[in-house]
2 protein chains.
Amino acid sequence: MAAYAIGIDLGGTTIKGALVEQGEGIVHETATATESDDGPAHVIDRIVKLIAKIQETHPEKEIQGIGVGVPGAIGWDRAIVPYLSNLPGWTNINLREEIQQRLSESFPVVVDNDANVAGLGCAHYGAGRPYTSFIMITLGTGVGGAIIYQNRIFRGATGAAGEVGHMSIDYEGPFDRSGIAGAIEAYIGQKFLSRHARYRLLPRTESMLHKMAGPDLKKITPKMLYEAALANDDAAKEMLAWAGHKLGCMLGSAVNLLDIRKVIVGGGVSLAGDFILEPARQALMHFVLPSMRDGVEIIQETRGNEVGMQGAAHLVFQHLEAHGSSKVAS
Amino acid sequence: MAAYAIGIDLGGTTIKGALVEQGEGIVHETATATESDDGPAHVIDRIVKLIAKIQETHPEKEIQGIGVGVPGAIGWDRAIVPYLSNLPGWTNINLREEIQQRLSESFPVVVDNDANVAGLGCAHYGAGRPYTSFIMITLGTGVGGAIIYQNRIFRGATGAAGEVGHMSIDYEGPFDRSGIAGAIEAYIGQKFLSRHARYRLLPRTESMLHKMAGPDLKKITPKMLYEAALANDDAAKEMLAWAGHKLGCMLGSAVNLLDIRKVIVGGGVSLAGDFILEPARQALMHFVLPSMRDGVEIIQETRGNEVGMQGAAHLVFQHLEAHGSSKVAS
C-alpha cells in the first residue's frame, strides 16, 4: 500500500512543502514566504498552515507524519533546533513539539539538518538512487554536505557530520565565514566565488562579463559566470575551472577518509555543470589515493528543490521503519 | 567465562603475536622476523609457527580464533589480501585460507588492515576505551588512520576508509609517496619530517641536532628531534610545532566531515608527545567549526605495539558476536 508523508524544507526566505509518496516522489508541492523577521512562533504557524494546505489538496491520502529540514545542525533527538544562523530568534526550539501542538491530528514529526535531508532525498528519489553510499555536496551561499552511508545519513557523534564546506584545502588560505583558513567555502561559496571572479576579471577587459555585470563588478554572480561560459567566454570558463579544481582537491580528502567513492553535487552553483565538475573530476583523481580511484565519480544532482522535500518526508518513512507505525511520535 | 584469541600484527620486518583475553588484554606476547624476501608462503608458514608457539605457552586456554592485521587495505570479506606494498609477492592472497590450511585445528581467521586493527585495539584496550567514536591516526613511516564509530571500524564502501595520511592540507603542497599534493604524510611522515628538519636546521648552527646527527644531517630522525626538544633545543621544538600545526589542520577537516571529536594519536613520531600534540590542539581549534569545538580532544596512545595485537584478536571476538561461536570460519 502506498505510504505518504509531508516534507517541509525550511529556508531563510521560503518554506517549501510537499506531499510525498514513499519510493515514488512528490504528489503535490507548494511554498510560502518564511517571514523570519516575525520570529519563530510566527514561522512555525506558517509551517503548520502550509501542512494543512497540502493535506487539503489530497484529503483521501492518509499521511504518516511530517519531516522538516532546517538550515542548521540538529542533535540526536531530531526534535530540538539549537540555533539557526539565518532565522532570527531560533535558539533551542523544540520544533517537533511546537509543530505537534499546533496540528489538529497527532503525527510523528522528525527534524533534521537540511543538507542531511537533501542527501537522504537524493539517495532515495534523486541522482543517488543507484548508490548505497555517497558524499553529497550542496554549492550555494554556503557549501553544505552530507554523508549517505548504506542508504542512511551518517550523523557522527552528535548529529553534525558532513560539514564538507569547512574542510580546508590550504592551511594558509583565505578565511570562510567561520574563520577557517582555506575552507572550500572561501573559494566556491557563492559570495566568495563572485568576489574571486571580480578580481580575476579586472584585467580581463575582453570578457563579456563586463557587459553582463555593468560597471559594478560586484554584480557578478555564479549564474553569470555560467552563462558567459556557455557563450564560450574564456575568463568565465577559467574561473569556473579554478573553482572546480579546488572542489576536486577537497573531495579527494573526503574520499580518502571515507572510502566513499561517489560524490553528488547539487545547489545553485552546481548548475554550472561540467564547467565546474569536469575540472573537479580531473583534480579529484590527483587527490585520491591510486588504490582508491576505481569507481570514483562526481555526479550532478539537478533536482535541487525536490530532494529537500522528498528527503524531509523520507525522514518519516525511516523513522516509522525503525520505531513502528504508531502515530504518536517517539 | 574468559574468552581468548590470538592477535597477529604482520609487519614488513617483524611479525608480532599475542594471546589476548577478551576485554582484559595480552596474556602472552612474542615476535619473530618476517623474512619477507622469501615470499608469501614462507611468511605464512612463519605466522602459523608463531601461532603454534603462542598456543603452547598456554595449552589450557581454549582459543576462539586468529585475527591478523596486515599493512594494506582489505576488502569486505576480511580474508583476501589484494596487495601489500612492503611485502614482496603479496598479490591477491587469501590469507584466511592459507592460514587455515596450515593449522592443525579449524579456527575462524579474520584479516584486516593494520591501522583499522590498531584503532579497534585502541577502542577496546587502549586510550580509546572511554570513547565510543574516535579518529585514530598513526604517525610512522607513513601516516595511517582509522575511524572508530560506535565502537566498530567504519570501513567505507570497500573497506579502505580512514586514509587520513593522504588528506591534503595544501592543494599546491609537496607530494607524498602516492603523488598527492599537500598530503599530511608529505609533512609529518617519518622521512618527510626528517627531511624538512634537515633543511630547517642548515642555518640553525646553534642547534644541538648538529652534534646529535653528526656531519650528515640526513641522519636526523624524529626521535632525535624529540630528544633535542626535551633538552630545550629551540630549533627542534619549532620543527615539532611546525609538524603539529599541519597535523591540526588536517584533523580539523576530518572532525568537520565526521563530527567525531576525539582524536587518538599513536605511532613512533607521536612519542614526541606534547611537542607535537599541543601545537596540533591549538591548530585543530582553528580548523574545526565553532559549533563543533565542544569536546574536541587530541589524546596520545602510548601502547603502540600492544593495541595492534589486541585489536587483531578483537576482530575474532567481534566476528563471533556477529556470526556465532562456530569454530568454522564463515
Complete set of residues in region A:298-316 that are in a helix (DSSP H, G or I) and surrounded by fewer than 23 Cβ atoms within 10 Å (Cβ to Cβ): A:GLY304, A:ASN305
Is it fair to say A:GLU97 is at pLDDT below 90, surrounded by fewer than 22 Cβ atoms within 10 Å (Cβ to Cβ), touching a strand residue (DSSP E or B) at 6+ places or on another chain (Cβ under 9 Å) and not aliphatic (A, V, I, L, M)? no
Hey, does region B:243-254 have a residue that's touching a Gly at 6+ places or on another chain (Cβ under 9 Å) and without any contact (Cβ under 8 Å) to a residue 60 or more places away in the chain? no
What residue, of B:GLU278, B:GLU238, is without any contact (Cβ under 8 Å) to a residue 60 or more places away in the chain and under 17 Å from B:ARG200 (Cβ atoms)? B:GLU238
Which listed residue, of B:LYS237, B:LYS246, is at pLDDT 95 or above, surrounded by fewer than 21 Cβ atoms within 10 Å (Cβ to Cβ) and more than 19 Å from B:PHE134 (Cβ to Cβ): B:LYS237
Do you know which residues across region A:273-310 are more than 14 Å from A:ALA254 (Cβ to Cβ) and either small (Gly, Ala, Ser) or in contact with an Asp or Glu (Cβ under 6 Å, 6 or more places away or on another chain) (or both)? A:GLY273, A:SER291, A:GLY295, A:GLY304, A:GLY308, A:MET309
Out of region A:241-260, which residues are within 7 Å of chain B (Cβ to nearest Cβ), out of contact with any strand residue (DSSP E or B) (no Cβ under 7 Å at 6 or more places or on another chain) and under 13 Å from A:ASP294 (Cα atoms)? A:ASN256, A:ASP259
What do you reckon, is A:ARG200 modelled with pLDDT under 95 and in a loop (DSSP other than H, G, I, E, B)? no
Yes or no: region A:76-95 includes at least one residue that is part of a helix (DSSP H, G or I) and within 23 Å of A:GLN310 (Cβ to Cβ). yes
So, of the residues in region A:63-75 that are of a type in the set (A, V, I, L, M) and not in a strand (DSSP E or B), which turns out to be farthest from A:ALA146 (Cα to Cα)? A:ILE74
If a residue has to be in contact (Cβ under 8 Å) with a residue 40 or more places away in the chain and of a type in the set (A, V, I, L, M) to count, how many in region B:16-40 make the cut? 4
Yes or no: region B:130-138 includes at least one residue that is more than 14 Å from chain A (Cβ to nearest Cβ) and on the phi < 0 side of the Ramachandran plot. yes
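Quick check on this structure: which one of B:GLU105, B:GLU60, B:GLU56 is assigned to a loop (DSSP other than H, G, I, E, B), without any contact (Cβ under 8 Å) to a residue 40 or more places away in the chain and surrounded by fewer than 14 Cβ atoms within 10 Å (Cβ to Cβ)?
B:GLU60
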Going through region A:205-237 in order, the residues found to be of a type in the set (Asp, Glu) and not in a loop (DSSP other than H, G, I, E, B) are A:GLU227, A:ASP234
In region A:265-282, how many residues are within 30 Å of B:TYR83 (Cα to Cα) and buried (at least 24 other Cβ atoms within 10 Å of the Cβ)? 1
List the number of the failed condition for A:GLU35; all other conditions in (1) at positive phi; (2) buried (at least 20 other Cβ atoms within 10 Å of the Cβ) hold. (2)
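Just the residues that are modelled with pLDDT of 95 or more and part of a loop (DSSP other than H, G, I, E, B), please, taken from region A:257-272.
Passing the criteria: A:ASP259, A:ILE260, A:ARG261.
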Only unsatisfied item for B:LEU289, checking (1) surrounded by fewer than 24 Cβ atoms within 10 Å (Cβ to Cβ); (2) touching a helix residue (DSSP H, G or I) at 6+ places or on another chain (Cβ under 9 Å); (3) over 30 Å from A:MET136 (Cα atoms), is (3)
Within region B:148-194, residues assigned to a helix (DSSP H, G or I), more than 10 Å from chain A (Cβ to nearest Cβ) and either charged (D, E, K, R) or in contact (Cβ under 8 Å) with a residue 60 or more places away in the chain (or both) come out as B:GLU185, B:ILE188, B:GLN190, B:LYS191, B:LEU193
If you check A:THR13 against the conditions, is it in contact with a strand residue (DSSP E or B) (Cβ under 6 Å, 6 or more places away or on another chain) and either of a type in the set (D, E, K, R) or touching a residue at least 12 places away in the same chain (Cβ under 8 Å) (or both)? no
Checked against (1) surrounded by 17 or more Cβ atoms within 10 Å (Cβ to Cβ); (2) at pLDDT 95 or above, A:ASN232 satisfies every condition except (1)
Got a number for residues in region A:108-138 being within 15 Å of A:GLY11 (Cα to Cα) and either within 10 Å of the chain's Cα centre (by Cα) or surrounded by fewer than 22 Cβ atoms within 10 Å (Cβ to Cβ) (or both)? 7
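The values are calculated or read from the model by the stated rules, or taken from the named source; none is laboratory data. For clarity, every value in this text was computed on a predicted model and none was experimentally measured. Positions of Cβ are backbone-derived with ideal geometry, glycine not excepted, and every protein chain shown enters the neighbour counts.
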